[in-house]
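Heads up: the structure comes next, in structure tokens.
The values are calculated or read from the model by the stated rules, or taken from the named source; none is laboratory data. Since this is a predicted model, take the numbers as computed values, not measurements. Every residue, glycine among them, receives a Cβ derived from its backbone with ideal geometry; neighbour counts consider all protein chains shown. Surface accessibility is based on the protein's heavy atoms, side chains included, excluding ligands, DNA and RNA. Shrake-Rupley method; radii C 1.70, N 1.55, O 1.52, S 1.80 Å.
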Amino acid sequence: MSSDNDTRPPQIGGRQSLLIFACFAAAYFFSYGLRSVNAALAPFITQDLSLSKSQLGWLSSAFFVSLAAMQAPLGVWLDRYGARRVEACLLAVAALGSFVMVWAGSFAVTSAGRILIGAGVAASLMAPFSYFRRCYPVERQAQLGLWLLVAGTGGAVFFTSPAAALAGHFGWRSVHLLSGLSLAVVAVLLWRVVPDHDVSVLGSGRPGAAQVSLWGLLRHPEILRVMPLSAIGQGGIIALQTLWAGPWMTDVLGMSPAGSASMLLVMMLVMTLGYVVMGFASPPLQRRFGLLNVALAGYLCCFAVIFLLAFAGGPLAALLWLAMAAGVAPIMLMQPYLSTQFPREAAGRLVTLYNMFVFVGAFVIQWGIGVVVDGLTQAGLGRGAAFAVTFAGLGVLQMASLGWFVRGRRAD
């Protein structure tokens, strides 16, 4: 199973490409922001709903549960109906979930709202990735993906200090009211603006490639190698950045909620800058080192930082969080690399399968960190020591997943 170039991508003009990209970028802006928002809103939600650490972990990871559960059918839908229809319809579900959060008065109903949001934004990265894979030349796909991630981290930036400030003045539910209205508008724009060029490519592709099964992908050696790295590695990074960075800063460093939100804002700005730099640097780096080697360097950087966080404190810890944020951009090249190893007709199933590994890992690790920290604290460890042991364990598991991937490739 390998990539193919027997069908030429459609010719899309510059103005039309800009409009297509803007619609997908707006969707991912809110998707990434809503993924990350609990890190900034955690103090407000915890106080309002009287949540424990494990409940807070579940409330945030419920987003990833539904997002991961959507990936298998989502891949089939993208390959059958195209990005426009799937993305627009699901964003309407995300808008509904945001409105549920506005009126939720209990932990259970708030969890339901997060589940709907997670399901609704499930295609916000996968739809454009599959669209880019089918409709643009290979050499442009990684760069388009990175610029899309710039838009996503812009959403994460907005949903840190600005969201915390909005919650401080009008309550945390106001953030979700604004999100619901915005998601509804973006859904309409996607439906009306994005053309079905990816559907036409599907119609002209090779019949054999179009019938690549999900089970066939799951058994492929390349997928088996990358599975632990995506779930434990990338999923663990997401689990920390979208929730536990905030509580770690307040519990370990003694920051105020406002100070923690400001630090999260700086982290998101550094991550955004990393995506901008990689957007320009990815073509020459791809030619010189290859997408895979650049991605692996990013993984190694982030895993080392997570392990070191177990032993760091004060200003050094803040610098380590920024180093992790900078290391995320190269990691995102793994998905474009993987997509080039398979036929473009299977792009929807491939990118969603990879995403499913990532978000299953994010769910398990995000919830698991809360359970482990609570358990260690009840066993007598201080909050800082409990976080240190948990982060060190995660770092070891991530290094092991990287070793599995590298060893598997050398064995070929």
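Just a few scattered comments:
- Of the numbered criteria (1) farther than 27 Å from ILE20 by Cβ; (2) part of a helix (DSSP H, G or I), the one GLY105 fails is (2).
- A Cβ distance below 7 Å, combined with a sequence gap of six or more or placement on separate chains, defines the contacts here; from region 129-141, residues that are in contact (Cβ under 8 Å) with a residue 40 or more places away in the chain reach residues that are assigned to a loop (DSSP other than H, G, I, E, B) and among the aliphatic types (A, V, I, L, M) in the pairs CYS135/ILE12.
- Hey, GLY82 at positive phi and out of contact with any strand residue (DSSP E or B) (no Cβ under 9 Å at 6 or more places or on another chain) or not: yes
- When restricted to residues that are open to solvent by 10 Å² or more (accessible area, probe 1.4 Å) and small (Gly, Ala, Ser), region 46-65 contains 3.
- Set side by side, the residues ALA295, ALA323, ALA318, ALA261 differ, and just one is of a type in the set (A, V, I, L, M, F, W, C), more than 30 Å from ALA72 (Cα to Cα) and modelled with pLDDT of 90 or more, which is ALA323.
- Entirely in region 232-294, the helices (runs of 4 or more DSSP H) that have 3 or more residues that are touching a residue at least 40 places away in the same chain (Cβ under 8 Å) and among the aliphatic types (A, V, I, L, M): 235-239, 257-288
- Within region 364-384, the set of residues being open to solvent by 40 Å² or more (accessible area, probe 1.4 Å) and either in contact (Cβ under 8 Å) with a residue 12 or more places away in the chain or part of a helix (DSSP H, G or I) (or both) comprises VAL364, TRP367, VAL371, VAL372, LEU376, THR377, GLN378, ARG383.
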